[in-house]
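The values are calculated or read from the model by the stated rules, or taken from the named source; none is laboratory data. Just so you know, these numbers come straight off a predicted model, no measurement behind them. A quick note on method: Cβ atoms are made from the backbone with ideal geometry, for glycine too, and the neighbour counts reach across all protein chains shown. Please note that ligands, DNA and RNA were not included when accessible areas were found on the heavy atoms of the full protein model with its side chains. Shrake-Rupley method; radii C 1.70, N 1.55, O 1.52, S 1.80 Å.
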Amino acid sequence: MKTNMADAAIVELIEMAFEARKNAYIPYSGYAVGAALACADSRIFTGCNVENASFGATNCAERTAFFKAVSEGARDFRAIAIVGGVWQGQDEKPYSVKDYAYPCGICRQVMKELGGDDLTVIVARSREDYKVWTLAKLLPEGFGGWQ
Ligand code: THU
């Protein structure tokens, strides 16, 4: 998938997602996710998953990033990088996870609402190993309202 983002900008976003992943609050799953969201005004908001004993109140990393951004006045979004994997603690290799962490359906719907079909979605296993998508590819024919 093509994007007009420079490679360096993609790598920066991936690194920030890995840093945010370190803050994941994951007492139940042990699966840590980080996200970094680039705005049109060049601000970047990060997020991690925040779990809850009720399970249902858990917030994914992607939505944390989007909700932080919106609550700070951002409305125009360009790209989000996502990294996730089982947290290995001190054995964890820096900036590396085993698999691509694709966004869940609820997060895809939130991305549709706030980022739109053209949002660039990057899933990464490392700074060198990543895939670049658009939201439209990950949520084809998605619901965008009724007007
Ligand atoms: N999770 C995310 O943070 N993003 C996703 O798109 C998928 C799932 C989190 C939620 C939960 O804390 C853990 O991963 C396991 O499902």
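Among all residues of segment 82-93, there is at least one that is in contact with a strand residue (DSSP E or B) (Cβ under 9 Å, 6 or more places away or on another chain), open to solvent by 70 Å² or more (accessible area, probe 1.4 Å), touching a residue at least 24 places away in the same chain (Cβ under 8 Å) and not in a loop (DSSP other than H, G, I, E, B).
When residues in segment 25-36 are screened for being more than 17 Å from Ser126 (Cα to Cα) and either of a type in the set (Phe, Trp, Tyr) or open to solvent by less than 40 Å² (accessible area, probe 1.4 Å) (or both), 4 of them pass. Of the residues Phe67, Phe18, the single one that is surrounded by fewer than 16 Cβ atoms within 10 Å (Cβ to Cβ), of a type outside the set (S, T, N, Q), within 15 Å of the chain's Cα centre (by Cα) and in a helix (DSSP H, G or I) is Phe67. The set of residues from segment 83-111 being within 10 Å of the ligand (Cβ to nearest atom) and of a type in the set (D, E, K, R) comprises just one member, Arg108.
Conditions tested, residue by residue: (1) under 17 Å from Glu12 (Cα atoms); (2) modelled with pLDDT of 95 or more; (3) under 16 Å from the mean Cα position of the chain (by Cα).
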| site | (1), (2), (3) |
| --- | --- |
| Asp41 | yes, yes, no |
| Arg63 | no, yes, yes |
| Gly73 | no, yes, no |
| Ile106 | no, yes, yes |
| Leu114 | no, yes, yes |
| Lys137 | no, yes, yes |
